[in-house]
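Visitor: One structure is given below, represented as C-alpha cells, and several questions about it will come after.
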Ligand code: PTJ
C-alpha cells in the first residue's frame, strides 16, 4: 500500500464510528475499493461482493451447519489430493491473502492466479499481494498460464501446466459457473466457496461451502489440521456420507426458515 492509500484507509477507519453496527462490513467494502484502486479487484468485483453480502445477511453472517459439513469434506479432499490447487481471483486476493497462504501451507497446496477479467497488470498485482502475504510460489502469471481448459472460452481458460491443468482437486471462490462446469468435465473435484446456493458454481461443484470467504478460508485451515489427525477409514466415512445436493438444500432451507422467523419477530 502506498502512502496516499495508507492515509486514505486510516481516514476511512476514522469516519466509521467504532460502535457502528455495520463497521466490519463497511471496512471490508473499503478493502475491496482500495484493492480496485491497485488493480487487484475489478469494478465488477464490487457488484459480486454486494450480491454476496445479501446472501450473508440471510444466513446471519455466521458459518452454519451446512457449511461445516462441506468444510470437513473439503478438508479431506484437499489433504488426500495428489495435486491440490487454490485458485485465486481479485476478490479473494483482496479479502483473504494471508489466510490463503496459511491454508496452502497447511494442506500443502499450490496457489494459482485465475481471472475472469485477465490482464497482465492484474496478474502481477495479485501475485504481489500474495507474495507480500508470504506465498513462495504463485502460478498462473504471464507465460506460466499458457495451457488451456478445453471447451472454455473466457479468460479463465488460461491455466498453469503444473497447477490447475494437472490438479485433481481445485478450491475456488467467487466464481462464474462456466469454469466450474469445465473443470468437473475434466474429472477434477471442485470445491467452491459461494454465498449463493443457487449459483451455477454452487450447483455444479463437487463440494459447495455456502459461506463468506472471509470466514471460510480460515475455517478450512482449521478443518485441514483437524482432519489430518483422523484415520483413513474415518475420512473415507465422511466422504461416503457426503451429498452436495443435501448441503445446498440445507442452505436454502435455512435461509427461507430464517427469513420466515424474522418476519414473525417484527
Ligand atoms: O477477479 P476476476 O477477474 O476473476 O473477477 C472476479 C468476479 C468476482 C468479478 C467474477 O468471478 C464474477 O463476476 O463473479 P460472479 O459471477 O459475480 O459470482 C460471484 C459469486 O460469489 C456470487 O454467487 C456471489 O454471491 C458470491 N460471493 C460474493 N462475495 C462473496 C461471495 N461468496 C463468498 N464470499 C464472499 N465474500
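Visitor: Filter segment 155-176 for residues that are within 16 Å of the ligand (Cβ to nearest atom) and either in a helix (DSSP H, G or I) or under 16 Å from residue 122 (Cα atoms) (or both) and give the result.
Guide: Taking segment 155-176 first, the residues within 16 Å of the ligand (Cβ to nearest atom) are 155-160, 163-164, 170-176.
Residues satisfying the conditions are 155, 156, 157, 158, 159, 164.
Visitor: Using beta carbons and a limit of 7 Å, which pairs, at least six apart or on different chains, have the first residue in segment 226-246 and over 19 Å from residue 209 (Cα atoms) and the second one surrounded by 13 or more Cβ atoms within 10 Å (Cβ to Cβ) and modelled with pLDDT of 95 or more?
Guide: Filtered contacts from segment 226-246: 228/79.
Visitor: I would also like to ask the following. Across segment 177-200, what is the total count of residues that are part of a helix (DSSP H, G or I) and either surrounded by fewer than 24 Cβ atoms within 10 Å (Cβ to Cβ) or away from the ligand (no atom under 12 Å from the Cβ) (or both)? Spell out how you get there, then give the answer.
Guide: Kept after step one, since they are part of a helix (DSSP H, G or I), are these residues of segment 177-200: 177-185, 200.
Those left that are additionally either surrounded by fewer than 24 Cβ atoms within 10 Å (Cβ to Cβ) or away from the ligand (no atom under 12 Å from the Cβ) (or both): 177-178, 181-185, 200.
Adding up the residues that qualify gives 8.
Visitor: Hey, another quick one. Select, from 224, 247, the only residue that is crowded, with 20+ Cβ neighbours inside 10 Å, away from the ligand (no atom under 16 Å from the Cβ) and not in a loop (DSSP other than H, G, I, E, B).
Guide: Working: 247 fails: away from the ligand (no atom under 16 Å from the Cβ).
Just a single option satisfies the conditions, and that option is 224.
Visitor: Out of 75, 94, 35, 109, which single residue is at negative phi, modelled with pLDDT of 95 or more and touching a strand residue (DSSP E or B) at 6+ places or on another chain (Cβ under 8 Å)?
Guide: Result: 109 is the single residue among 75, 94, 35, 109 that is at negative phi, modelled with pLDDT of 95 or more and touching a strand residue (DSSP E or B) at 6+ places or on another chain (Cβ under 8 Å).
Visitor: Could you check segment 41-122 for helices (runs of 4 or more DSSP H) lying wholly inside it with 2 or more residues that are more than 13 Å from the ligand (Cβ to nearest atom), in contact (Cβ under 8 Å) with a residue 12 or more places away in the chain and surrounded by 24 or more Cβ atoms within 10 Å (Cβ to Cβ)? I'd like the intermediate steps shown before the answer.
Guide: Values: elements: 43-58, 65-80, 90-95, 97-106.
Filter on segment 41-122 gives 65-80, 97-106.
Visitor: Say whether the condition of being within 17 Å of residue 205 (Cα to Cα), out of contact with any strand residue (DSSP E or B) (no Cβ under 6 Å at 6 or more places or on another chain) and surrounded by 17 or more Cβ atoms within 10 Å (Cβ to Cβ) is met by at least one residue in segment 150-173.
Guide: The answer is yes; a qualifying residue exists.
The values are calculated or read from the model by the stated rules, or taken from the named source; none is laboratory data. Here the structure is a predicted model, which is why all the values come from computation and not from measurement. With ideal geometry, Cβ positions are generated from the backbone for all residues, glycine too; neighbour counts draw on all protein chains shown.
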